[in-house]
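The values are calculated or read from the model by the stated rules, or taken from the named source; none is laboratory data. These figures come from a predicted structure and were not determined experimentally. Every residue, glycine as well, gets a Cβ built from its backbone with ideal geometry; the counts of neighbours run over all protein chains shown. The area values use the complete protein model at the heavy-atom level, side chains included, leaving out ligands, DNA and RNA. Shrake-Rupley method; radii C 1.70, N 1.55, O 1.52, S 1.80 Å.
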Amino acid sequence: MKHFEANFDGLVGPTHNYAGLSYGNVASANSAALTSNPKAAAKQGLLKAKTLADLGLAQGILAPQSRPDINTLRMLGFGGTNAEVLKQAAAQAPQLLQACCSASSMWTANAATVSPSADTHDGKVHFTAANLIEKFHRSIEHPTTSAILRATFNDKRYFCHHDALPAHPTFGDEGAANHTRLCQEYGHAGLELFVYGREAKPSDRPQPKKFPARQTLEASKAVARLHQLDDDNTLFIQQNPDLIDQGVFHNDVIAVGNKNVLFYHQQAFIDNAEVIAKIQQKFDGDFYPIEVPTANVSVQDAINSYLFNTQLVNLPSGEMIIIAPTNCQENQAVSQYLDQLVQLNNPISKVHFVDVKQSMQNGGGPACLRLRVALNDTELAAVNQATILNDTLFAHLNNWIDKHYRDRLDIDDLVDESLLIESQTALDELTQLLKLGSVYSFQRN
Ligand code: SUG
């Protein structure tokens with residue numbers, strides 16, 4: 001039986017826009033009110049996913065959310081026809097309309113936390129949808145995320161789905177963006193690292209002073225319990241709060257792991273040496289930490305280029321390569337560092353650059369756009385096969401994007417009812433393409 005890691009990328013939805021919704025995410029703030037290009041964004045993301053499929057990796061697609069979210073706007077007191085709901089919201093509370101139009105579900109690293117069957121007591125792959133409560137526009141994702149995950153991993157013999165944790169600040173959960181799994185081989189029991197920003201209960205641990213810490217220790221521990229993980233294969237690590245204050249809003253902006261390699265910045269954790277020693281103690285096999293010194297790459301350069309929001313992947317040949325955003329090529333310090341990295345004696349042999357600039361402008365790099373799911377052959381065969389990316393699905397999705405997506409969108413366009421109609425028409429067709437059933441509430445009402 002073969003074991004490997006599959007990536008499930010979020011398709012960028014038709015309402016992709018720049019609304020400056022994520023306080024603490026520097027790119028989102030800097031892009032506020034820029035004109036977006038949903039068509040280019042969707043194509044960039046899809047091409048990135050196809051690049052990985054063409055490299056021989058298992059690659060799936062997760063459907064986007066339906067936006068504008070008219071139901072949420074109605075819950076907030078806007079009424080009448082859909083057109084009236086949009087108009088009232090635009091006039092009275094444009095920030096709520098913008099939140100209900102965000103295409104933020106594209107960043108599927110925040111869709112859920114996933115533990116593979118090799119780590120769990122019942123031998124199933126466990127998924128816990130992330131509640132994303134720190135940001136209103138993201139907190140409304142999880143019911144549909146759960147429906148999409150259940151329709152994608154739709155075999156109870158192999159997959160166990162948990163609803164999002166209770167929506168209270170004690171349990172702020174951002175999913176796999178704060179979770180890394182190290183292992184010797186994908187099929188071996190791994191060591192799951194849960195990186196949190198703060199403890200919800202009063203504690204004397206340092207906390208960020210400026211920007212919010214989105215993930216709590218309490219949430220990480222709840223997910224580990226739900227996933228039936230052992231103490232032996234979990235580690236809870238606090239992120240450096242000073243870095244959160246500089247814009248490292250998720251751990252995957254400053255560290256990434258794959259198999260026995262952890263690639264991280266010198267300032268990623270409060271005490272890197274202690275973290276590495278703890279991992280070394282618990283990790284079964286040779287552990288390979290690669291620490292990037294501040295002298296080579298500053299925290300600012302890491303945030304601007306997303307050096308750590310890269311995908312470290314193993315090709316079928318066994319070779320480990322790094323999938324990096326083209327922004328890394330454009331940053332002199334980072335580009336120099338990457339040139340050196342692949343020359344040095346370490347497991348990473350090559351860098352492959354992908355252009356995901358539309359997503360990057362909202363703070364989402366290659367790693368944000370994917371949910372990693374370690375699987376074996378039998379489990380992959382049990383996944384909804386219509387969601388697996390191959391040449392045919394790639395061609396269909398490109399045509400579907402061409403047919404339905406706009407190539408420019410301003411935040412003032414969000415009030416336009418025709419955007420809602422275009423979006424629902426597109427997603428209705430997509431559910432047929434991906435054989436998802438009626439995952440959207442507009443299909444059931
Ligand atoms: O949650 N940006 C997302 C980016 C998420 C990146 N994901 C990972 N690091 N895994 C966020 O901050 C911006 C939306 C806007 O401003 O229009 C946004 O939601």
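Values computed for the structure shown
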{"item": "The stretch 52-76 residues that are open to solvent by 10 Å² or more (accessible area, probe 1.4 Å), paired with ones that are at pLDDT below 95 (beta carbon under 9 Å, 6 or more apart)", "result": "Asn71/Asn445"}
{"item": "Flag if Asn309 is of a type in the set (S, T, N, Q), surrounded by fewer than 23 Cβ atoms within 10 Å (Cβ to Cβ) and at pLDDT 95 or above", "result": "no"}
{"item": "Of all residues making up the stretch 117-155, the number that are more than 16 Å from the ligand (Cβ to nearest atom), of a type in the set (Val, Ile, Thr) and outside any helix (DSSP H, G or I)", "result": "2"}
{"item": "Verdict on Asp413 being surrounded by fewer than 13 Cβ atoms within 10 Å (Cβ to Cβ), of a type outside the set (S, T, N, Q) and not in a loop (DSSP other than H, G, I, E, B)", "result": "no"}
{"item": "Meets criteria (of a type outside the set (S, T, N, Q), more than 12 Å from the ligand (Cβ to nearest atom) and closer than 26 Å to Phe442 by Cβ) for Gly190", "result": "no"}
{"item": "Check on Ala302, within 16 Å of the ligand (Cβ to nearest atom) and either open to solvent by 50 Å² or more (accessible area, probe 1.4 Å) or in contact with a Phe, Trp or Tyr (Cβ under 8 Å, 6 or more places away or on another chain) (or both)", "result": "yes"}
{"item": "Residue in the stretch 344-366 that is within 16 Å of the ligand (Cβ to nearest atom) and among the hydroxyl-bearing types (Ser, Thr, Tyr) present", "result": "yes"}
{"item": "Matching helices (runs of 4 or more DSSP H) fully within the stretch 19-112 where at least 1 residues are in contact with a Gly (Cβ under 6 Å, 6 or more places away or on another chain), of a type in the set (Ser, Thr, Tyr) and within 12 Å of the ligand (Cβ to nearest atom)", "result": "26-31"}
{"item": "The stretch 243-267, subset in contact with a helix residue (DSSP H, G or I) (Cβ under 7 Å, 6 or more places away or on another chain) and in a loop (DSSP other than H, G, I, E, B), residue nearest to Ala27 (Cα to Cα)", "result": "Gly247"}
{"item": "Helices (runs of 4 or more DSSP H) lying entirely in the stretch 320-369 (those with 2 or more residues that are under 24 Å from Glu185 (Cβ atoms) and either among the β-branched types (Val, Ile, Thr) or open to solvent by less than 20 Å² (accessible area, probe 1.4 Å) (or both))", "result": "332-343"}
{"item": "Some residue of the stretch 210-223 being polar (S, T, N, Q), more than 22 Å from Ala367 (Cβ to Cβ) and touching a residue at least 24 places away in the same chain (Cβ under 8 Å)", "result": "no"}
{"item": "Test result for Arg372, in a strand (DSSP E or B) and either farther than 30 Å from Asp301 by Cβ or in contact (Cβ under 8 Å) with a residue 60 or more places away in the chain (or both)", "result": "yes"}
